[in-house]
Amino acid sequence: MNDVMLPVEAAVWPLGLAAPVLSGIRPDVVADRNDMPRLEPGLAPPCAVPLWRLECADGQPIDARGLLARYWHRRPYAVTLRLACYPPTSTVAEILDEVTIGTTGSWNDFRASVDRMAMRLVKDAVQGGSRGPSADAPAVAPSGPTGWLQRWRRTWRDRLTSEWWSLGSVDAPPEAMLSDALLRDIRWYAPQAGERYLADPFPHPGTGTILCEEMPRIGGIGRIVAVTRAGDRRCPSDLCPSDLCPSDLCPSDLPVLDDGLHHSYPCTFAAGETVYCVPETSIRGGTLVHILSPDRRLTPIAEVAPDARLADPTLFRYQDKWWIACTDLDIGPHDNLCLLHALSPEGPWRRHDKWPVKIDVRGSRPAGSVVMIGGRLIRPAQDCAEGYGAAIALNEVMCLTETTFREVRIGTLRPDPNGPFPNGLHTLTHDGERFWVDGKRIVFDLAGKLDRKLSLARRGRKEH
Amino acid sequence: MSVSVATTRTAPRPRVNAQLDIAKPRLAIYMHDLSGGGIERQSLVIAQELRRRGGDVTLVLHRLRGPLRDQLPAGLRVVDLESRRTWDDVPRLAAFLRRDRPDILVANFDLNNIAALLAKAISLSPTKVVICQHNPLSRSFYATERRLLRYVGLGYRALAPFVSMAVGVSPGLADELHRLGGLPRERTVTISNPVIGPDFARSAAAPIEHPWLNDPTRPLFVTAGRLVAQKDQATLLRALALHLNHRDMRSRLLILGEGPLEAELKALSKSLGLDQSVDFLGFRPDAPAWFSHADAFILCSRSEGFGNVIVEALGCGTPVIASDCTYGPRDILEGGRFGLLFPPGDPVALARAMDEVRSLHTRFPAETLCQRASAFTYDACAARYVEVFQALTPKRAWTAPA
């Protein structure tokens, strides 16, 4: 990441931000010092000089007293921030950039993420990398009980419970993705909580198996395994461990990827006879494009971003180019979408002109395969406003080139509140016959949590 | 109702209590008449809101006529210029300005704006003139309207020194006032129309009856507007026919409004085989209640200055599909963030947008749409006007709304 040094002349924002006078930023536009855009607390439109202002969607500056406290931990658990440019003497702003970030987490974390995002907006604007106004509507005004109450409730919920994920499938053609009835009849494979859960299902084309992440319920790291629906003639049922077999989902004999690092989200893409796989890896620069053989061996063929930590890398093809959609964990865990492109899966992989192309906690982080349906490029994304993997946003990509990107949200898939997995939906893929999803349920797990704490204490580490 | 109506021949208002009255802002709102159009209705709303904020408001009319006479706020002073043509207003308005000397004269509508500026020029009055532009100045609009309107921009250029502030009801119109009207950027401002009033929620929830309401199996579209060429309901009917061919949705359409093209549109509907899918309801004063029951509201206009009905539909939480005409819908829907836009006069594109009807409520949640509509409340609009007036007459004191 190339950080820029902003010439700072002015005061300090209440949030701890430097409040620079952006001298010499747009030499093509500015003629003399009075025409320089200014970014200072206390200045409000109309102003005699061009004014840049960091504000919320309702036009209030983000350093307005009590503003952030009103948003913190309250519905819709998202706040839209924008960098607005007011021409001299005007009260009508041009939106240079707009992001929507989550408001959950601790108060300090929230303020830090606002600070970080504000600095990013200014930095990108200075470098000419502003994204313009978002294609989606800004987050609505906050509502509900005070954030402290909700924060307290969630803290205790996290102390007493853990997440249980499982896979489900729905028999439907790909076109049904745009139907509001898509997820009415999900067949869940492991509704009862056990020691290890499965998530992030991706089909292994031509084999009838599903690659997914297998993760201990508490602690530990994930690995990639393959599973087959029980009853399928390829199911090696004699190899099923007892805790997974009752789920009607049989694991393969050996894990597909288990090298001591955390792996998840084994995104697959078939091009002719070749199947590519790009699993998520926890370490910086660990994202690799592999060729996946029919016997589930992975052969790395390209490094994607040696200097970045990428989450949920999703490989797809669009207009003779190969693309990887992902989330850059250095920018934020759930709220950004970054793109890389290459002429072939072997690379070299280049970053999109805008990095990230989108910052919106309600629909940026990838959530399954990008597919073309009826000439429309549909990209599932995670709606993490209410929590990690709370719902799936379906976005239609309207414009995608090396320098531009625009997508609009066309629908939302929410978990069935009365179903066995009412707390989240995280991935949506299709294997040619059926959709695969993974669902989240919060389970009471005091013993597991205590055990985890004790084991960490014994090793002298803190839980994060 | 105690409406005091004065004419130009009446005696000037006595100057009583001049010392006590000195800080009270005195405003005159000039418009054509009280016909039932959106501009007249909004001017009355603004007059009332400004009075609530301590303004001494006089309504000056080219002619006191029209159905809105019954809705004149109680106690509002009205001056009837009793003119036959708009140009006749000029000397009479000039006489009013010389005699009454309001701090600010707010003029509405294209030709009335010109008349107000001419009156200001010949009256030598210190009154500051604020013109309000509700329609585009560009060719795209006047192609469908009176030929005389094409010279409005030229008139603004010639009379620019007399314009203290020009209000465009959308950012595009404010930009046109600068580009085509020759007004300096610092003397143009955008103030949206006041659409959402305090009783809006009640009118949106008013009970209505129709056999097509509350049938979840058949999507229901609603449109509202005069049945004239500008509103282009013919394209909507053609799009509906295409939409019904595309999808097995059996959607239906309710058309609110009346106008000279009613017979023609009914014939078109019949020729397209839409008899069972379209119902012409005529003018309905309770339009928001109909919008509330729709799966989507459609506006198909070839040109719009603003588009109040779009705001009303948003206020009901109803998704909007609107033509992307030069101004208005694009500004209200923020380029598609709060509703679908399609090219004007393109039935294929509109049909494609109508095909999305099932997903519109998840794509545009009602809460988001209502929040967008809240930018167009009476209160928000009046506050913007007061900001402008305060800047023009800093010695006058406005109060908080009563």
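When both residues are 6+ apart or on different chains and their Cβ atoms are under 8 Å apart, which pairs have a first residue that lies in region B:367-385 and is under 14 Å from residue B:55 (Cβ atoms), and a second that is in a helix (DSSP H, G or I) and open to solvent by 40 Å² or more (accessible area, probe 1.4 Å)?
So the pair list comes out as B:382/B:52.
Of all residues in region B:158-183, count the ones that are in contact (Cβ under 8 Å) with a residue 12 or more places away in the chain, open to solvent by 50 Å² or more (accessible area, probe 1.4 Å) and within 13 Å of another protein chain (Cβ to nearest Cβ).
Summing the residues that are in contact (Cβ under 8 Å) with a residue 12 or more places away in the chain, open to solvent by 50 Å² or more (accessible area, probe 1.4 Å) and within 13 Å of another protein chain (Cβ to nearest Cβ) in region B:158-183 gives 1.
Name the residues in region B:184-234 that are away from every other protein chain (no Cβ under 14 Å) and among the basic types (Lys, Arg), would you?
Hits for region B:184-234 are B:202, B:218, B:226, B:231.
Go through region A:94-113 and count every residue that is within 14 Å of residue A:333 (Cα to Cα) and touching a helix residue (DSSP H, G or I) at 6+ places or on another chain (Cβ under 8 Å).
The qualifying residues number 6.
Which one is nearest to the chain's Cα centre (by Cα) among residues in region B:74-89 that are free of Cβ contacts under 8 Å to residues at least 60 places away in the same chain and surrounded by fewer than 22 Cβ atoms within 10 Å (Cβ to Cβ)?
B:86
Select, from A:333, A:420, the only residue that is within 18 Å of residue A:264 (Cβ to Cβ) and surrounded by fewer than 20 Cβ atoms within 10 Å (Cβ to Cβ).
Residue meeting the stated conditions: A:333.
Inspect all residues belonging to region B:94-107 and state whether any of them is within 17 Å of the chain's Cα centre (by Cα), crowded, with 22+ Cβ neighbours inside 10 Å and touching a residue at least 12 places away in the same chain (Cβ under 8 Å).
Within region B:94-107, one or more residues are within 17 Å of the chain's Cα centre (by Cα), crowded, with 22+ Cβ neighbours inside 10 Å and touching a residue at least 12 places away in the same chain (Cβ under 8 Å).
Report the residue count in region B:305-315 for those that are open to solvent by less than 10 Å² (accessible area, probe 1.4 Å) and at pLDDT 95 or above.
Qualifying residue count for the region: 4.
For region A:361-377, give me each residue that is assigned to a strand (DSSP E or B), at negative phi and either away from chain B (no Cβ under 11 Å) or not charged (D, E, K, R) (or both).
A:366, A:371, A:372, A:373, A:377, listed by residue number.
Please work out which residue is most open to solvent (accessible area, probe 1.4 Å), limiting yourself to region B:265-275 and to residues that are more than 22 Å from residue B:211 (Cα to Cα) and without any contact (Cβ under 8 Å) to a residue 24 or more places away in the chain.
Going through the qualifying residues, I end up with B:271.
Suppose we keep only residues that are open to solvent by 60 Å² or more (accessible area, probe 1.4 Å) and over 28 Å from residue A:185 (Cβ atoms) within region A:400-414. Which one would you say is farthest from the other protein chains (Cβ to nearest Cβ)?
Residue satisfying both the conditions and the ranking: A:402.
What number of residues within region A:72-88 satisfy the criterion of being within 14 Å of chain B (Cβ to nearest Cβ) and open to solvent by less than 30 Å² (accessible area, probe 1.4 Å)?
So the answer is 8.
I'm told residue B:244 meets every condition in (1) farther than 23 Å from residue B:282 by Cα; (2) without any contact (Cβ under 8 Å) to a residue 60 or more places away in the chain; (3) under 18 Å from the mean Cα position of the chain (by Cα) except one. Can you identify the failing condition by its number?
(3)
Tally the residues that are farther than 19 Å from residue A:124 by Cβ, assigned to a strand (DSSP E or B) and open to solvent by 10 Å² or more (accessible area, probe 1.4 Å), restricting the search to region A:378-399.
Residues flagged as farther than 19 Å from residue A:124 by Cβ, assigned to a strand (DSSP E or B) and open to solvent by 10 Å² or more (accessible area, probe 1.4 Å) within region A:378-399 amount to 4.
When the residues of region B:362-373 are filtered to those that are in a helix (DSSP H, G or I) and facing chain A (nearest Cβ under 9 Å), which remaining residue is most open to solvent (accessible area, probe 1.4 Å)?
Ranking the candidates gives B:367 first.
Suppose we filter B:238, B:252, B:302 for residues that are charged (D, E, K, R), in contact (Cβ under 8 Å) with a residue 24 or more places away in the chain, open to solvent by less than 50 Å² (accessible area, probe 1.4 Å) and closer than 21 Å to residue B:352 by Cα; which single one remains?
B:252
Take region A:118-143 and flag every residue that is farther than 12 Å from residue A:76 by Cβ, within 11 Å of chain B (Cβ to nearest Cβ) and surrounded by fewer than 19 Cβ atoms within 10 Å (Cβ to Cβ).
Result: A:132, A:133.
Go through region B:316-348 and give me each residue that's more than 14 Å from every other protein chain (Cβ to nearest Cβ), open to solvent by less than 20 Å² (accessible area, probe 1.4 Å) and in contact with a Pro (Cβ under 7 Å, 6 or more places away or on another chain).
B:322, B:323, B:325
Pairs under 6 Å by beta carbon, first residue over 15 Å from residue B:107 (Cβ atoms) in region B:50-62, partner open to solvent by less than 10 Å² (accessible area, probe 1.4 Å) and in a loop (DSSP other than H, G, I, E, B), six or more apart or different chains?
B:55/B:25
Which ranges mark the helices (runs of 4 or more DSSP H) fully within region B:33-146 that have 3 or more residues being at pLDDT 90 or above?
B:38-52, B:89-100, B:110-123
Which one of the conditions (1) at pLDDT below 95; (2) open to solvent by less than 20 Å² (accessible area, probe 1.4 Å) does residue B:278 fail to meet, given that it meets all the rest?
(1)
Quick one: which residue in A:91, A:100 is open to solvent by less than 10 Å² (accessible area, probe 1.4 Å), touching a residue at least 24 places away in the same chain (Cβ under 8 Å) and within 14 Å of chain B (Cβ to nearest Cβ)?
Criteria check complete, one pass: A:100.
Within region B:240-275, can you find the residues that are in a helix (DSSP H, G or I), at pLDDT 90 or above and of a type in the set (S, T, N, Q)?
Across region B:240-275, the qualifying residues are B:269, B:271.
The values are calculated or read from the model by the stated rules, or taken from the named source; none is laboratory data. This one's a predicted model, so the numbers in the text were calculated from it and none came from an experiment. Here the Cβ is made from the backbone with ideal geometry for all residues, glycine too, and neighbour counts use every protein chain on show. Accessible surface areas use protein heavy atoms only, side chains included; no ligands, DNA or RNA. Shrake-Rupley method; radii C 1.70, N 1.55, O 1.52, S 1.80 Å.
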